[in-house]
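All remarks here apply to the structure that follows.
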Amino acid sequence: MADDTERSVVTARPPAAEGDSSAMTARAAESLELAALLGRCGESDERAFAELYDRTCARVFGLVLRVLHDPGYAEETTQEVYLQIWRTAANFDPAKGSAVTWLMTLAHRRAVDRVRAEQAHAQREVAYGTSTLGNEFDEVTEEVGRRLEQQAVLQGLATLTETQREAISLAYFGGRTYAEVAVYLGVGLPTVKSRIRDGLTRLKKSLGVT
């Protein structure tokens, strides 16, 4: 009985170790295969590039999506990543790391660059909106201050559409930026700018500002 028990214990252990070894072997084989594909891509081998894309695009897209949180932007950025791979595959050095690591590093950098670009774009939009709409609002507020007639302002606001009145109230009487108004209302920044611009024009006419 003891011999049987010992044999059962001994034979119960190898499968897990064999499984781990098989997984490591598979990963090592894949790494070599991807490195070879990158080498061929560096020689402008389109078939190698197509195979590389098919075997890695899901992982690259997943990483990019985790950074951007937007499927549309993630798809665009993933395509940009593979365009960069095609152009720079010759720079891959297997001595410095695995093919997957190289691909994921490119993907992460490109995704971060996209985030920074979108943030910069949003800031430019806010600055543009402030510069183009600020003069109109200054004319309105100066006229209101001169008259000191709150009723006239209320009557002027009443002539606006509900969406115009809401956007103007949030931006100028609520102290929010255009971007914050857009987020609060759940609409795009260009829409908010349009509502405020049209609303200020109507408000100026109501108050008799030329």
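Laboratory data are not the source of any read-out in this text; all were calculated from the coordinates shown. What you see is a predicted model; the values in this text were computed from it and never measured. Cβ coordinates were reconstructed from backbone atoms using ideal geometry, including for glycine residues, and neighbour counts include every protein chain displayed.
Values as computed for the structure displayed
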item: R0 of 41 Å, Cβ-Cβ distance A28-D70: FRET efficiency to nearest 0.05; result: 0.70
item: Qualifying lysines (Cα of each under 21 Å from Cα of K193; at least 8 residues distant if same chain); result: K204, K205
item: Two-site FRET efficiency, E43 against V187, from Cβ-Cβ distance with R₀ of 41 Å, rounded to 0.05; result: 0.25
item: Cleavage-rule hits, chymotrypsin sites (Phe, Trp or Tyr not before Pro), the stretch 26-84, DSSP coil, Cβ neighbours within 10 Å at most 12; result: none
item: Sites T177 and R55, calculated FRET efficiency, Cβ-Cβ separation with R0 41 Å, nearest 0.05; result: 0.35
